[in-house]
Amino acid sequence: MTASVRLDKLNHWFGTLHALRDISLEIGAGEYVTLLGPSGCGKTTLLSVLGGFIDPDQGTVFIGDADMTSVAPAKRPTTTMFQDYALFPHMSLRDNVAFGLRMAGVAKAERHRKADEKLDLVGLKADGRKRPHELSGGQRQRVALARALAVEPEVLLLDEPLGALDLKLRRAMQDELKDIQRQVGTTFVHVTHDQEEAMAISDRIVVMNAGRIEDAGPPLRIYREPASLFAADFMGEMNHIPAQVGPQGAQTALTNLPAADLPPGAATVCIRPEAVRQDGKGIALGDATVRDATFFGTYTRAHVTPVTAPDMVLVAHLPPTSLPEAGTVLNLSVLPEDIRIFTKETA
Amino acid sequence: MRMAAWFYLVLAFGFIYLPVGTLVLYSFQDGTLPVPPFNGPSLQWYTEVLADDDVTDALFNSLIVAIGSSAVAVLLGFLAAYGLARHVLPGSAFMRGLLIAPLTVSYLIVGLGLLIVLNRTGVGLSLVTAGIGHVVINLPLAFAIIYASMGAQHENAERAARDLGASETKVVLLVTAPMLAPAIAAAFFLSVTLSWDEFIIAFLLTRFDITLPVEIWSMLRSGLSPRLNAIGSVVFLISVTAVLVLEFTMLRRRQS
């Protein structure tokens, strides 16, 4: 079971706080979409609107072709997997998973069969008789997933499902979530503040900030060509270089960059640390002095100060083959496609 | 210092249990007065008490009132706690206060108030009216115990149940109440012990069928007798049983 979702001009206020601002978004059937943003950005509110726990002040929610804006959670083709799993402590795992089917009036033998099937899907086939307190965090999370999937929802909503797990388990569960989503084909909408998690599992990421959608697109596009300065910063580390757009392009303390389509005025040039190169290819950024460098295994992370701008500190991820000493002068450059420039308006 | 601690311990427990111990001891008195010297042991007073229909009737009346009034008090307390914990209501703090306030009113006042109301409305005094009085005194306690144990984790489970298609009734019956079972059991058994021992309200609000404390009181008027000690011991035994059942059900829940 799967369905598309269409949100049309959603607005919601909590008192005077404008929690959702003009949210319009289309999610395709079977898509894995992540709502990504810092705490308080409105991503959980948006998920609650989708699940029916919050009735938005303005706007419409379509699931499939039906208007679901004011339909109660129980009557929606959605289920939510809650952050704290919200398992029923007094029921066995099988009864937990079968709960939704029981509410739907499915006979006992049939719902137990289906529950066992879903427990099998999440790798807990043998544990149907256990109680939730006998499980580890990761296992509880799987039960919550099985329980939410057992009613065969068209859209599964996941509220920071991996937030309570340790890093290693979280990375393992990401792969598993993605895998299960491919198997069942249900539309997944996943809320997280971890951009690595978002990139690892999503078909599409929706970056949110202060109740607005800042950017929406596939992970690669959002990372490499973010639509806004906020999205650029949130997706990973970013060097900011102040610039002034004029007839000669974007003028910075380091170099002039082509900026044909941009309106004149103050701007910010953004370069990812790993885009800073030493091989001389692309646009020259001039010489820079290494302040310190640290070895991270897959790269060497260095703080460098450009010779032409002694007040500026840039972060560069250099190849892990050498560890430059403080004071070493490097000749830096960047490929044109690795540069993003945001003026006040686009930021 | 160690000796002082032991001394204190013995003194404290002696203070608490000596009266009960004496009562139980002289229920086995072979003689007509429950005073030293102790002769016996003898079970004559127990056989006499258990053969006395007035006493056994009162004992069963007490049990019925205790269990019935506790069940009603716990049910009402649970519903009130659920309503106030799960819904935003105008003046909910005030309502909480109002529900708990009867705890501070003396049983005598509660009994008198009910007696006046019942007289005015022409409702005859019976075990039911005594039961109503016990609901009045036990409801605040049941409410306070159950309300205190309604945490956010329960609320999330209820939300999940609703999300999976459960109606409000099903949420309460299948999720909320089972999750709160330890608190509900605690409230119930505490209510039972309080109702079981309660005298003033039962005295004021019963007439022909009376509860055990009232029966004991009427027997006391004809003077001390090991019979009373025997009844007291039986009462004590039943109270202890209720408390032990409570303790074990609670402990078992906590371990699981």
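Tabulated results
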| item | result |
| --- | --- |
| Residue under evaluation residue A:44, criteria (1) open to solvent by 30 Å² or more (accessible area, probe 1.4 Å); (2) within 14 Å of chain B (Cβ to nearest Cβ); (3) part of a loop (DSSP other than H, G, I, E, B), criterion not met | (3) |
| Condition check for residue A:163: assigned by TED's automatic domain parsing to the domain that holds residue A:51, surrounded by fewer than 16 Cβ atoms within 10 Å (Cβ to Cβ), in contact (Cβ under 8 Å) with a residue 60 or more places away in the chain and within 29 Å of residue A:226 (Cβ to Cβ) | yes |
| Residue tally, condition part of a helix (DSSP H, G or I) and touching a residue at least 24 places away in the same chain (Cβ under 8 Å), over the stretch A:212-223 | 1 |
| Residue B:67, sole failed condition from (1) open to solvent by 80 Å² or more (accessible area, probe 1.4 Å); (2) over 30 Å from residue B:169 (Cα atoms) | (2) |
| The stretch B:83-101: number of residues that are open to solvent by less than 80 Å² (accessible area, probe 1.4 Å), without any contact (Cβ under 8 Å) to a residue 24 or more places away in the chain and closer than 25 Å to residue B:186 by Cα | 5 |
| Top-ranked residue in the stretch A:102-128 [being within 14 Å of chain B (Cβ to nearest Cβ) and more than 29 Å from the chain's Cα centre (by Cα); ranked as least open to solvent (accessible area, probe 1.4 Å)] | A:115 |
| Residues satisfying the stated conditions in the stretch B:102-125, i.e. touching a residue at least 40 places away in the same chain (Cβ under 8 Å) and open to solvent by 40 Å² or more (accessible area, probe 1.4 Å) | B:103, B:107, B:108, B:112, B:124 |
| Residue match in the stretch A:258-266 (condition: under 29 Å from residue A:325 (Cβ atoms) and in the same structural domain as residue A:326 (by TED's automatic domain parsing)) | no |
| Set A:59, A:52, A:64, A:42: member being in contact with a helix residue (DSSP H, G or I) (Cβ under 6 Å, 6 or more places away or on another chain) and not basic (Lys, Arg) | A:52 |
| Subset tally (residues that are open to solvent by 50 Å² or more (accessible area, probe 1.4 Å) and more than 11 Å from residue A:332 (Cα to Cα)) for the stretch A:263-300 | 9 |
| Residue match in the stretch B:188-209 (condition: in contact with a helix residue (DSSP H, G or I) (Cβ under 7 Å, 6 or more places away or on another chain), within 14 Å of chain A (Cβ to nearest Cβ) and part of a helix (DSSP H, G or I)) | no |
| Out of B:57, B:52, sole residue that is out of contact with any Leu (no Cβ under 8 Å at 6 or more places or on another chain) and either under 21 Å from residue B:190 (Cβ atoms) or open to solvent by less than 70 Å² (accessible area, probe 1.4 Å) (or both) | B:52 |
| Matching residues, the stretch B:149-185, being open to solvent by 20 Å² or more (accessible area, probe 1.4 Å), touching a residue at least 60 places away in the same chain (Cβ under 8 Å) and within 10 Å of chain A (Cβ to nearest Cβ) | B:155, B:177, B:181 |
| Residues of the stretch A:47-73 that turn out to be without any contact (Cβ under 8 Å) to a residue 24 or more places away in the chain and assigned to a helix (DSSP H, G or I), as a count | 2 |
| Check on residue B:80, within 14 Å of chain A (Cβ to nearest Cβ) and either within 26 Å of residue A:103 (Cα to Cα) or buried (at least 21 other Cβ atoms within 10 Å of the Cβ) (or both) | no |
| Qualifying residue in the stretch A:75-85 (condition: among the aromatic types (Phe, Trp, Tyr), assigned by TED's automatic domain parsing to the domain that holds residue A:150 and under 19 Å from the mean Cα position of the chain (by Cα)) | yes |
| Residue in the stretch A:57-66 that is open to solvent by 40 Å² or more (accessible area, probe 1.4 Å) and on the phi > 0 side of the Ramachandran plot present | no |
| Residue within the stretch A:147-157 that is away from chain B (no Cβ under 11 Å) and among the small types (Gly, Ala, Ser) present | no |
| Residue ID - farthest from residue A:69 (Cα to Cα), chosen from residues in the stretch A:1-23 that are open to solvent by 60 Å² or more (accessible area, probe 1.4 Å) and assigned to a strand (DSSP E or B) | A:17 |
| The stretch A:72-101 - residue that is open to solvent by 10 Å² or more (accessible area, probe 1.4 Å) and away from chain B (no Cβ under 12 Å) and, of those, nearest to residue A:132 (Cα to Cα) | A:92 |
| Of the criteria (1) under 30 Å from residue A:97 (Cβ atoms); (2) part of a helix (DSSP H, G or I), which one residue B:116 fails | (1) |
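The values are calculated or read from the model by the stated rules, or taken from the named source; none is laboratory data. Since we're looking at a predicted model, the values are computed, not measured. FYI the Cβ positions are ideal-geometry reconstructions off the backbone, even for glycines, and counts take in every protein chain you see. Note: areas computed on protein heavy atoms with side chains; ligands, DNA, RNA excluded. Shrake-Rupley method; radii C 1.70, N 1.55, O 1.52, S 1.80 Å.
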